[in-house]
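Engineer: One structure follows; several queries about it will come next.
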Amino acid sequence: MEQPAPISESLLDGRPLRVLMFTDYFPKPTIPAMGVWALTQAKALAAAGAEIQVMSPTSWIPPLLGRFGSARRFAKCPNAHNWDGVNVEYPRWFFYSVGPVRNLWYGRPALASKLASWTIRRRLFQKIESFRPDVIFAHHSVPCGLVALQASKKYGIPYIVEDLDFGSIESCARYPSRLKAFEKVSRGAWAMAGASKRIAEALAKLVSGIRTVPLYMGTQRLPAEMWNMPRPAEIEGKTVVFSAAIFYDRKGIPLLIDAFASIAAKHPNAVLRVGGEGHERPAIEAAAARANLGDRIKLLGSLQHERVLQEMVWADIFMLVGWEEPFATVYLEAMAAKKPIICCSDGGICDVMTDGVEGRAVEPKSVAAAAAALDQLLSDESLRGRMSAAAWDLFEKRLTSEATARATLQILQNAAKQSKPANAI
């Protein structure tokens with residue numbers, strides 16, 4: 001078969017930049033809360049003038065297993081979907097990022113990534129030949145960056161990889177095979193982007209001589225009608241602390257509940273509302289039962305994104321004390337809702353927010369620190385007001401999807417115009 005000609009040439013014809021976003025963590029019609037930040041990023045790039053095509057592989061689920069539990073949501077994901085003008089394809093691949101299968105490949109990703117690539121590359125190459133992207137924008141070095149490297153070698157298209165997880169990079173110190181995979185991806189990429197300064201710096205230390213950049217997320221302004229929606233009767237007159245996350249260990253929801261419970265007697269008018277779902281729910285329910293505060297702690301279950309935003313508008317404080325949060329769009333959404341935030345001091349959001357100004361940044365994994373920060377905000381309504389105003393000001397100046405998309409688009413344009421990955425392994 002004749003090899004296709006390279007299609008990443010300098011952009012001199014005035015047309016929009018064509019970006020192929022290749023991501024394994026993106027909303028699915030059956031799991032709309034998954035990776036909302038990635039959809040926001042794609043929409044913002046499109047609004048900034050890029051032509052976007054998203055390919056988001058999803059794990060192939062055997063038909064029998066696809067009838068049960070959370071596997072059903074993956075099995076029933078359609079092959080394609082249009083998200084308000086952003087076209088997304090969901091081809092199946094033999095790659096699994098959760099459960100015991102993940103534990104098998106995590107330290108030795110080469111074989112798993114080869115299997116993923118083998119099942120996806122025909123669809124990917126067909127899309128490249130029909131869409132003719134100028135640059136590939138991949139999320140996560142493993143596995144998407146490894147697949148982007150293969151496409152770059154075949155077609156000469158530059159690619160940028162954005163990594164969004166501290167642990168994924170730091171675990172390279174324990175797993176030589178994982179380090180080797182990151183080295184391959186990094187040396188082939190035009191640039192390696194981190195969702196925070198800490199991630200970008202970790203990438204630079206991991207592989208010497210590569211180009212690294214921090215690439216922050218942004219979010220959209222809230223719909224005007226949300227500000228006029230009255231609170232439900234159950235929280236009318238209450239001081240509301242709201243949190244939202246997918247329920248897994250790093251998000252620290254049991255710790256948040258313990259912190260709230262430890263000061264609840266001092267603030268009898270305060271209530272805690274938590275949106276989310278996931279495999280840690282039994283531990284979270286146990287924490288709520290241990291608190292023994294009745295309906296003052298309410299687990300709202302899985303919420304549509306619009307409902308999460310509405311809960312933020314209704315709330316007085318947004319609190320998520322998950323540790324090693326890369327950047328977490330949910331904090332930006334809380335600022336867009338004019339709310340002070342309580343986060344952990346090791347998170348990427350601390351690149352842009354200041355402890356004591358837009359909210360509080362507390363010691364990770366510390367119930368006492370989380371409780372002290374929450375107690376401070378619940379005790380001082382004027383402080384909450386000042387922090388709310390500061391949070392809104394920070395959002396408007398630096399964290400809208402328009403502002404961050406302009407920076408991202410500039411980096412993608414530079415990659416497409418200036419270079420091909422000449423040093424790919």
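None of the figures in this text is laboratory data; all of them are computed from the coordinates on show. This is a predicted model, so every value here is computed, not measured. In this analysis, Cβ positions are derived from the backbone assuming ideal geometry, glycine residues included, and neighbour counts consider all displayed protein chains.
Engineer: Compute the signed sum of charges (Lys and Arg +1, Asp and Glu -1) over the other residues within less than 9 Å, Cβ to Cβ, of Cys344.
Structural biologist: Values: positive: Lys365; negative: Glu324, Glu325, Asp346, Glu363.
In short, -3.
Engineer: In nm, to one decimal, how far is the Lys180 label point from the Glu324 one, both placed 7 Å along Cα→Cβ?
Structural biologist: Using points 7 Å along Cα→Cβ, the separation is 2.3 nm.
Engineer: Any lysines with Cα under 16 Å of the Lys114 Cα? List them, leaving off those in the same chain fewer than 8 positions away.
Structural biologist: Cross-link targets: Lys153, Lys154, Lys180, Lys184.
Engineer: Apply the Karplus curve 6.51 cos²θ - 1.76 cosθ + 1.60, θ = phi - 60°, to the phi angles in segment 316-322 and return the couplings in whole Hz, x for Gly and Pro.
Structural biologist: So the Karplus estimates, Gly and Pro as x, are 9, 9, 9, 9, 9, 10, x Hz.
Engineer: Just the number, please: percent antiparallel of the DSSP beta bridges in the chain, rounded to the nearest 5.
Structural biologist: Values: 5 of 49 bridges.
If we restrict to bridges inside the chain, about 10 percent are antiparallel.
Engineer: For segment 293-303, just list the computed ³J(HN,Hα) in residue order, Karplus coefficients 6.51, -1.76 and 1.60, θ = phi - 60°, integers in Hz, with x standing in for Gly and Pro.
Structural biologist: 10, x, 7, 6, 10, 10, 8, 8, x, 5, 10
Engineer: Using Cα pairs under 8 angstrom and six or more residues apart, how large is the relative contact order of the chain, in percent?
Structural biologist: 17
Engineer: Total Lys pairs in segment 224-399 closer than 29 Å by alpha-carbon, pairs eight or more apart in sequence or interchain only?
Structural biologist: Eligible lysine pairs with Cα atoms under 29 Å apart amount to 23.
Engineer: Also: Answer rounded, prolate or oblate for segment 223-271, using the Cα gyration tensor with square roots of eigenvalues a ≥ b ≥ c: rounded when a/c is under 1.5, else prolate when a/b is larger than b/c, else oblate.
Structural biologist: Numbers: a/c = 3.68, a/b = 1.30, b/c = 2.83.
Because a/c hits 1.5 or more and a/b fails to exceed b/c, segment 223-271 counts as oblate.
Engineer: If you plug each phi of segment 269-277 into the Karplus form 6.51 cos²θ - 1.76 cosθ + 1.60 with θ = phi - 60°, what whole-Hz ³J(HN,Hα) values come out, in order, with x for Gly and Pro?
Structural biologist: In residue order, the calculated couplings are 8, 8, 10, 10, 10, 10, x, x, 7 Hz.
Engineer: Right, another one. Can you give the extra length, in nm with one decimal, that the chain gains between Ala407 and Asp249 once fully stretched, where that is 0.36 nm per residue apart less the Cα-Cα distance?
Structural biologist: Details: separation 158, 0.36 × 158 = 56.88 nm, distance 3.24 nm.
Result: 53.6 nm gained on full extension.
Engineer: Given the C-alpha centroids of segment 315-335 and segment 53-100, what is the distance between them in whole angstrom?
Structural biologist: First find each Cα centre; the distance between them is then 27 Å.
Engineer: Is the shape of the chain rounded, prolate or oblate, going by the alpha carbon gyration tensor and its root eigenvalues a ≥ b ≥ c, with a/c under 1.5 for rounded and a/b larger than b/c for prolate? Please list the in-between numbers first.
Structural biologist: Details: a/c = 1.86, a/b = 1.66, b/c = 1.12.
Since a/c reaches 1.5 and a/b is larger than b/c, the shape of the chain is classed as prolate.
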